[in-house]
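A short write-up of the structure that comes next.
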Amino acid sequence: MPTILLVDHDPLQAFLSMSILESRFQDVQRVSEAAEAFCLVEQPRFADNLALVIAGHHMPGIGGPEFVAELLSRMPELPVIVLGGSTETASDYPGESVCFRPRPIAADELLALAGQLMELRHRTAA
């Protein structure tokens with residue numbers, strides 16, 4: 001079963017995103033910081049099922065661009081959605097598999113984007 005990993009330190013934002021994602025996807029896991037995400041990605045069982053990462057721009061200990069760069073150095077084909085604030089831009093996140101969207105994002109847009117990126121990941125992995 002494909003897994004979505006949500007990395008967001010803000011409990012309210014994370015709750016909202018989890019509620020939206022769980023309405024369509026069965027396996028959504030949440031961590032609150034980058035270190036936790038990297039620990040999960042290093043576990044082969046978890047990494048094999050990981051289909052998408054959704055991350056907030058700001059997180060404790062590491063900035064969003066640095067987190068995404070490190071994540072993609074470990075899993076280059078992994079699609080990532082970055083939900084950022086009004087001061088960030090898509091140019092902070094280069095790469096074909098990275099989509100930047102400013103918050104707030106509509107629920108239907110998040111679900112559609114997640115579905116598209118997971119389908120693309122499934123096709124390229126097969």
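Dipole magnitude for the stretch 1-53: about 160 debye, using +1 per Lys or Arg Cβ and -1 per Asp or Glu Cβ, origin at the Cα centre.
Each peptide among 84-91, 3-10 gets the average number of other Cβ atoms lying within 10 Å of its residues, and from highest to lowest they stand as 3-10, 84-91. In a reduced charge model with +1 at each Lys and Arg Cβ and -1 at each Asp and Glu Cβ, the chain shows a dipole moment near 240 debye about its Cα centre. For the stretch 1-120, the calculated P(r), taken from all Cα-Cα distances in 5 Å bins from zero up to the bin holding the longest distance, is 2, 12, 25, 27, 23, 10, 1, 0 percent. For Arg103, enumerate residues with amide H under 5 Å from its amide H, sequence gap 5+ or separate chain, H modeled in the peptide plane. Here Gly84, Gly85 satisfy the definition. Over the stretch 49-97, Cα pairs under 8 Å with separation of 6+ residues give a relative contact order of 46 percent. Coupling constants for the stretch 106-117 follow from the phi torsions by the Karplus curve (6.51 cos²θ - 1.76 cosθ + 1.60, θ = phi - 60°), and in residue order they are 5, 4, 5, 5, 4, 5, 5, 5, 4, x, 4, 5 Hz; glycine and proline get x.
Helix-only arithmetic for the chain: the sum of -39500 (n - 2.57) across DSSP H runs with n ≥ 4, divided by the residue total, places the mean residue ellipticity at 222 nm at -13500 deg cm²/dmol.
Below 8 Å, C-alpha to C-alpha, sequence gap of six or more: please give me the relative contact order for the chain in percent.
Working: 178 pairs, mean separation 29.3, N = 126.
RCO, the chain: 23 percent.
Values in this text are rule-based calculations from the coordinates and carry no lab data. Since the model is a prediction, treat every value here as computed from it, not as a measurement. So basically every Cβ, Gly included, is an ideal-geometry build from the backbone, and we count neighbours across all protein chains shown.
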